Amino acid sequence: MLTERQRLILMAIIADYARSGRAVGSKTLLAELQLPVSSATIRNEMAYLEDQGLLQKEHTSSGRVPSQTGYRYYVDFLMKSRRLPTELEVKLRRVFNHRFQQVDDLLGQVTRILAEVTCYTVVALKPEALDVRLSGFQLVKIDGQQNMAIVVTSDGQVTSQSFRLPTGSSSSDLQSLVSNINQTLVGQPIRVVLQSLSGDLPLGLERTIRTPAAFLQLFGDILARSIQDTVFIGGRLNVFDFTTDTNLQDIKALYQLLESPAQMRQVIGAANDGVMIQIGSENDDDLLSPYSLASTSYRVPNHGTGEIAILGPTNMNYSEVVTLLATVRETLVSELKEYY
């Protein structure tokens, strides 16, 4: 247990180091905290906090910086909730008031704004496509034998692919097949439709077109892409502002990790309804050990769970980041209900 004075000193050092990135000395703390004690008393308290593993010395300075244990103590016991600055609330409100065509557009804008206001790197994953349904399938003739197949899903996603018909075939040959698909498969979950394509459905469509296999393969490819897990990243280059690693191979590996949906879902962890903070070596992946990762999960009823995470230095502004993530999570859930 720490005394009230020790807590004040630890919080002040964490706040100052987050702001300046420089070690904090006793004279700075004395002037800032206005405590009725001497500089020597402050130094003794700092030494005690260092003995407890909450502070550590930097080689180039007589001041102290927080340790990983110190940050964990602060997050678990000292950090206080705070309101977002009015300017930031206005920015977020403007994003959510804008009507986007697709979920992807909304998440892309949210990650961009969060990266802009925090100067960190922001990652978002949309809800897993547990119940995304087929809303429609269209075939559009472009020119000559060139056509475009378009799939629309219940989350507003539009996925298309152009293709060339074999010589001797025409797009009209496929229209009855497209009509059949719309009549029998629209409204079903995409995963169920994909299972149908590998089952008896192709056999049933042979009455409509002589060789449906290649076209159904194209249809299946577009469907699979429409529910493909995607990572949305804001502030990709911000990581260079808070990394001390000059090894480009490690930075490349970090980017590959951030861009992998499967890996990101694994390293973010189970944040449940709150905000999870993983500091330094608490991160499951060694590539993240120089950083802190703050994350939260958001759940759209009957559709799955998505995640938002903010990657920053270990001296990130934890209080602001937690407030930001909690605010965005609540608003995002409310907004996404209209997209599904």
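The values are calculated or read from the model by the stated rules, or taken from the named source; none is laboratory data. Everything quoted here is computed from the prediction, not taken from an experiment. Cβ sites come from the backbone with ideal geometry, for glycine too, and all protein chains shown count toward neighbours. Surface accessibility is based on the protein's heavy atoms, side chains included, excluding ligands, DNA and RNA. Shrake-Rupley method; radii C 1.70, N 1.55, O 1.52, S 1.80 Å.
Things to note:
- Range of Cα positions in the range 109-193 per principal axis (Å), largest first: 58, 29, 14
- Each peptide among 114-124, 81-91, 11-21, 317-327 gets the average number of other Cβ atoms lying within 10 Å of its residues, and from highest to lowest they stand as 114-124, 317-327, 11-21, 81-91.
- Working note: 222 nm ellipticity from helices only, DSSP H runs with n ≥ 4, each -39,500 (n - 2.57), summed and divided by the residues of the chain, gives -14000 deg cm²/dmol to the nearest 500.
- Farthest positive-ward along the chain dipole, Cα basis, beta-carbon charges - from PHE240, THR86, ALA214: THR86
- Cα centre as origin, Lys/Arg/Asp/Glu Cβ charges: the chain dipole, Debye: 560 debye
- For GLN263 and GLN102, a Förster radius of 22 Å and the Cβ-Cβ distance give a FRET efficiency of 0.35, rounded to the nearest 0.05.
- Formal net charge of residues neighbouring LEU33 (Cβ-Cβ distance under 14 Å; K, R +1; D, E -1): 0
- Remark: the ASP286-ARG83 segment gains 69.8 nm on full extension, using 0.36 nm per residue and subtracting the alpha carbon distance.
- Probe 1.4 Å, accessible area per residue of the chain, Å²: 50 Å²
- Distance (nanometres) between label positions extended 7 Å along Cα→Cβ at ARG94 and ASP76: 4.1 nm
- Each Lys or Arg adds one and each Asp or Glu subtracts one; over the other residues with Cβ under 15 Å from the Cβ of VAL90, this totals +1.
- Electrostatic tally near LEU107: other residues with Cβ closer than 12 Å to its Cβ, Lys and Arg +1, Asp and Glu -1, net -3.
- Projecting the Cα atoms of ILE150, PRO290, VAL75 onto the charge dipole of the chain (Cβ charges, centred on the Cα centre) puts ILE150 farthest toward the positive pole.
- With 32 Å as the limit, the listed pairs LYS27/LYS80; LYS80/LYS252; LYS126/LYS252 have LYS80/LYS252 beyond it between alpha carbons.
- ARG5-PHE240 FRET efficiency (beta carbon distance; Förster radius 30 Å; 0.05 resolution): 0.20
- Helix 318-336 vs. the chain, principal-axis angle (Cα, 0 to 90°, nearest 10): 20 degrees
- Potential lengthening between LYS337 and SER162 on full extension [0.36 nm per residue; Cα-Cα distance subtracted]: 59.9 nm
- J(HN,Hα) series, the range 110-122, from Karplus relation 6.51 cos²θ - 1.76 cosθ + 1.60, nearest Hz, glycine and proline x: 4, 5, 5, 5, 4, 5, 5, 7, 9, 6, 10, 9, 10
- Rounded percent of accessible protein surface that carbon and sulfur make up, the chain, 1.4 Å probe: 48 percent
- Spin-label pair ALA224-LYS252: with each label point 7 Å from Cα along the Cα-Cβ axis, the two points sit 2.8 nm from one another.
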